[in-house]
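Report on the following structure.
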Amino acid sequence: MSDYKKTVGIEVHCELKTNTKMFSSAANAYGDEANSNITLLDLAYPGTLPTVNYGAVMLALRAALALNCEINEDMFFDRKNYFYPDLPKGYQITQARTPIGINGYVEIGEDENSKKIRIHDIHIEEDTAKSVHQTDHSYLDFNRAGVPLIEIVTEPDMTSSDEAMLYLEKLRQLLLYADVSDCKMEEGSMRCDVNVSISKTEQLGTRTEIKNISSIRNVGIAIDKEATRQEELLNQGIVIQEETRRFDDVSGTTILMRVKEIGNDYRYFPEPDIPKLHLSKEFIRDTKDNMPMLPDDRIEAYKKRNISDINIKKLLQNKPLSDYINLFLDEDIDFVVLSNLLLGDISAYLNRTMKDLTDTNLSKTRCLELLTSLKEGKITNKNIKDILIDYLETTKDVDTLLKEKGIENINDTELLIKIIKNIIENNPESVEAYHNGHDRAIKYLMGQIMKETKGAANPAVANKLLQEELKKV
Amino acid sequence: MSKYLDLSITEINEKLKNKEISPLDLVMESFDRIEQNKELNAFITLNKEQAIKDAKELEMAEVDNLLFGIPIAIKDNIVTKDLRTTCASKMLANFVPIYNASVVEKIKNKHMIIIGKTNMDEFAMGSTSQTSYFKAPHNPWNLKRIAGGSSGGSAVAVSSRMTPLALGSDTGGSIRQPASYTGIVGMKPTYGRVSRYGLIAFASSLDQIGPMTRNVYDNALLLNAIVGKDEHDLTSVDKEDEDFTRFMKQDIKGMKIAIPNYFVSEIVDKEIVEKVHDVASLLEKEGVQVDYVDLPYLDKSVTLYQIIAMGEASSNLARFDGIRYGYSYDKCQNLDDLYLKSRQEGFGDEVKRRIMVGSYLLSGENAKTYYDKALMIRDDICKSFAKCFAKYDMIIGPTTTTVAYNLGEDMDNPLKAFLDDVLVIPVNMAGLPGMNIPVGFSRDHMPIGLHIIGNYFEEAKMYQLASRLEEILKLSLQPNYREGGIKDE
């Protein structure tokens, strides 16, 4: 084990989910034909001026609130000046001096292992165009130029690749649940740059920056590889340079892009084309009030409703299902049953058919009907499998489907009692075990009943009858 | 040859209404005058074909406003759809915009006819129009002299009566100073009055479009037509509609006017100072209270201007990189080569000088040392003016320190051009409205201008004062215009 301590800080760029760009009315859409979503401003046509997309400001504010930031109520934009073909104006409009949010944090890990990763700031800026390089030509697609971004900068608070990955997963979840971004790393709507340094003392070592890593898993790999590389250099007595590297998916290593020039000079100054923006108390309050339910609140709500930890975890990994279950939070239903149903048979169906829940006919009302039928014993967990596809794909009710499928449940008490008595007679050991207080025996006997009735027995009724009969023995 | 363009706007309007003349007569007369005074070099691009077409289309239309059918010249840094817009630069020598500036739309809505694009300093950087890639315009009062700048071409077009109206832009005096040198009326409105959308930016926090006209009334009319909040320009302001001519017939008795001592100090030519004192006496006779006051920070404004304007310019002109439009060096070896050569060859010396100085001023620690400090002192200038306007209705002084000087003079002294504008620049720093009106002539018969500075959004009051002075002075303001062109002295 190395006696060097790793220090990691992360910058995340996240595209905001808006209809239009940050400073122009062009559509903000991914995957469209090149240069189809552009206005004169996106090409920095002479004489054009920026306007502000207040929807994007609201989403950025929402993100800042979700990351527990203090809000800069009076903010302005700055110009960051540099030349690059993907930067049509020759400057990027960003917030260098008055970021919308400062001093926030993201909590990672659980309970006694939890840790706060401090957020230095979160600021609004615009994305650049996309360059595509071919052997003798470079092509520019300005569709992405001006797409609203937030950049989230942490303090160097992480000390391992695991912490970095936990942070990114939590951050991604928060931004997804706050509904500010779709956070697709593969499409570039979430991008991370990682700063890594190692040191044996409290004094931080020279850091290197690793750019544009395409997945959270690769962030972990990149950090470890980079730390190892730095350690090897230090052990050879080589001084580490401040440099920018990129992660290579194929080799799983970091590769030098450029050595940092001393004092990279962006000539920041306040953007004179956009007046100062005041975020009113009402605007901030409204944004807070309309904040979608965040992961931690969901966990709490699910715990209260007895959903198992494993199901809670699965639900949070599947926002559409979590959103769906939230529709029922005010209902008096068995959330254990609902979560099992959603994460079990329904998820299996959705995965198999590549559908979303919204593509099915499982409205809230129909779902409630299903739950009631289960509760009343009209259908069993086995029956559900038989009717589920039709229930999801058609608008037929439970009764109709049961009839159509020719499913009849044995609700006939006398018939059941007969079967139960038979089973009790044939299983004296289990009966004895039951009387000696072994709960497992009753499960075995229920299993026998189900086997005998080929699953058609209403479990609730059968269980009740079994207990009664056992007491008689 | 007809002389309809020497008539007042109301007279022209009457003749148009009763069909005595048509817009085409005005347009043709305008082009005739431009042709006969070619040597003035007022225009970079003429819009002849389209202007004639527009005029013909108007023949059937109802004469719905006073500016209907009036020829207008547009400074060549205001973009005009399908009409070449060069900023007097090689960089944009072949640039044909695909949209209209918001002011151009407003001009068209009032059925004015765009005659052409006027000469100017390259990217409006200069105060003599000599940095133009298309050579400097000449002053109609004396062909050897500068017309001023940067809106020199617009000033010449109006002064020599080629068009009754012109638009200019004013970042540090670029409307008022050439107006003064050529004996016309020029208004730089309050910052935000007129949309900057479509004005190719020089220094965004200072730039403002404004009217340049033969007289005060025309000026107010044209301002009426171009003001207003524009959703494309966040710095444009929402103000209730007003008629800027509304106070013109009203008495100016009781007005309180301040003359800053700095404006009549030794930095200004004696005969100009005397003219200002004369005006002060005239005003006192009209019952106006005129006080000489101290206004701090005025002397700092040129330095501030250099820092702020060049800083912003260095950023605003970064977009001219040879990639999407404008001059592009076609034999480049790589990206850096493309940037370097396109900008090296596309921009003139003064523009490059300002980009370099501006970049330097914003670099690293310099931003704090210079730019941030300049913004602070800019606030102080605003406060200084505010104090003055708490006691006075308006401030007056000379517009320029000298009358128009000779072309080619002091070309190798880049600071001179800035010092020329020492009297007009403070107004841009504070975002206040300022205007020039002619108030007399020098011994060598060059126009002398009076600078009127108003409080924010008080242009109507300025026109009131200006029109009264115009009425009292009754100057003959047509230069030695003769058929067949202006003759050299």
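The values are calculated or read from the model by the stated rules, or taken from the named source; none is laboratory data. Remember, it's a predicted structure, so these values are computed and weren't measured experimentally. Here the Cβ is made from the backbone with ideal geometry for all residues, glycine too, and neighbour counts use every protein chain on show. Side chains included, ligands, DNA and RNA excluded: accessible areas come from the protein's heavy atoms. Shrake-Rupley method; radii C 1.70, N 1.55, O 1.52, S 1.80 Å.
Ellipticity at 222 nm from helices only: DSSP H runs of n ≥ 4 in chain B, each -39500 (n - 2.57), divided by the residue count, give -11000 deg cm²/dmol. Of the listed residues B:Glu312, B:Glu284, A:Glu186, the order by accessible area with a 1.4 Å probe, largest first, is A:Glu186, B:Glu284, B:Glu312. Which of rounded, prolate, oblate describes region A:413-472, given a ≥ b ≥ c as roots of the alpha-carbon gyration tensor eigenvalues and a/c under 1.5 marking rounded, otherwise prolate only if a/b is larger than b/c? Prolate shape, in that a/c is at least 1.5 and a/b is the bigger ratio. Of A:Lys281/A:Lys304; A:Lys385/A:Lys454; B:Lys38/B:Lys117; A:Lys115/A:Lys304; B:Lys135/B:Lys352, which pairs sit farther than 22 Å apart, going by alpha carbon to alpha carbon? From the list (A:Lys281/A:Lys304; A:Lys385/A:Lys454; B:Lys38/B:Lys117; A:Lys115/A:Lys304; B:Lys135/B:Lys352), the Cα-Cα distance tops 22 Å for A:Lys281/A:Lys304; A:Lys115/A:Lys304.
Rolling a 1.4 angstrom probe over region A:293-404 with all protein chains present gives an accessible area of which 49% lies on carbon and sulfur atoms.
If R0 is taken as 45 Å, the Cβ-Cβ distance between A:Lys405 and A:Asp182 corresponds to a FRET efficiency of 0.70.
With 0.36 nm allotted per residue and the present C-alpha distance subtracted, the A:Thr353-A:Lys115 stretch has 81.7 nm of extension available. On C-alpha positions alone, give me the angle between the axis of helix A:295-304 and the longest principal axis of chain A, in degrees, nearest 10. The two axes meet at around 20 degrees.
Residues of region A:66-89 whose accessible area, computed with a 1.4 Å probe over protein heavy atoms, drops by at least 50 Å² once all protein chains are present relative to their chain alone are A:Phe83, A:Pro85.
Where in region B:364-406 is the amide nitrogen less than 19 Å from a point lying 7 Å along the Cα-to-Cβ axis of B:Arg443? Under cut-off, by backbone N: B:401-406. Label-point separation (nm) for B:Gln250 and A:Lys471, each offset 7 Å from Cα along Cα-to-Cβ? Distance between the two pseudo-spin positions: 10.0 nm. Kindly identify region A:239-396 as rounded, prolate or oblate by the Cα gyration tensor criterion: order the square roots of the eigenvalues as a ≥ b ≥ c, call it rounded if a/c is under 1.5, otherwise compare a/b with b/c, prolate if a/b is larger, else oblate. Here region A:239-396 falls in the prolate category. In region A:26-65, burial by the other protein chains removes 20 Å² or more of 1.4 Å probe accessible surface, compared with the chain on its own, from A:Leu40, A:Leu43, A:Ala44, A:Tyr45, A:Pro46, A:Gly47, A:Thr48, A:Leu49, A:Thr51. Look at the stretch B:370-378: the mean tally of other chain Cβ atoms within 10 Å of its residues' Cβ atoms is 1. Can you tell me how chain A classifies by the Cα gyration tensor, rounded, prolate or oblate, using a/c under 1.5 as the rounded cut? Since a/c reaches 1.5 and a/b is larger than b/c, the shape of chain A is classed as prolate. Taken about its Cα centre, region A:1-113 carries a charge dipole of about 540 debye when Lys and Arg each add +1 at the Cβ and Asp and Glu each add -1 at the Cβ. Farthest toward the positive end of the dipole of chain B, out of B:Ser169, B:Val79, B:Ala203, is the Cα of B:Val79, where the dipole comes from beta carbon charges about the Cα centre. Chains B and A together bury roughly 2900 Å² of accessible area, counting both sides, with a 1.4 Å probe on protein heavy atoms only. On full extension, the segment bounded by B:Tyr329 and B:Ile52 gains 96.1 nm, given 0.36 nm per residue less the C-alpha separation. For a label point 7 angstrom out from the Cα of B:Asp64 toward its Cβ, which stretches of region B:11-52 have the backbone nitrogen within less than 17 Å? Once the point is set 7 Å along Cα→Cβ of B:Asp64, B:17, B:23 turn out to lie under 17 Å by backbone N, inside region B:11-52. In this simple spin-label approximation, A:Tyr84 and A:Lys418 carry label points 7 Å from Cα along the Cα→Cβ vector, and these lie 8.1 nm apart. Farthest towards the positive end of the charge dipole of the protein assembly as shown, among the residues B:Gly348, A:Asn212, A:Ala26, is the Cα of B:Gly348, using unit charges on the Cβ of Lys, Arg, Asp and Glu. A simple rule links phi to the HN-Hα coupling: the Karplus curve 6.51 cos²θ - 1.76 cosθ + 1.60 with θ = phi - 60°, which for region B:66-79 gives 4, 8, 3, x, 7, x, 9, 10, 10, 4, 7, 10, 10, 6 Hz, with x for Gly and Pro. Of the solvent-accessible surface of region B:18-101, computed with a 1.4 Å probe and all protein chains present, 49% belongs to carbon and sulfur. Summing Cβ point charges (Lys, Arg +1; Asp, Glu -1) relative to the Cα centre of region A:5-282 gives a dipole of roughly 340 debye. The heavy atoms of A:Ser280 offer some 40 square angstrom of accessible surface to a 1.4 angstrom probe. Accessible area per residue was computed with a 1.4 Å probe on protein heavy atoms; B:Val227 scores about 30 Å².
Among B:Met429, B:Ser281, B:Ile113, which residue has its Cα positioned farthest towards the positive end of the charge dipole of chain B, with +1 placed on the Cβ of Lys and Arg, -1 on the Cβ of Asp and Glu, and the dipole taken about the Cα centre? Highest projection toward the positive end goes to B:Ile113. Cβ-Cβ distance of A:His435 and A:Lys385, R₀ of 41 Å, FRET efficiency by 1/(1 + (r/R0)^6): the value works out to about 0.75.
Return, ordered by residue number, the residues of region A:353-393 whose backbone nitrogen is under 11 Å from a label point located 7 Å along Cα→Cβ of A:Lys464. Answer for region A:353-393: A:376-377.
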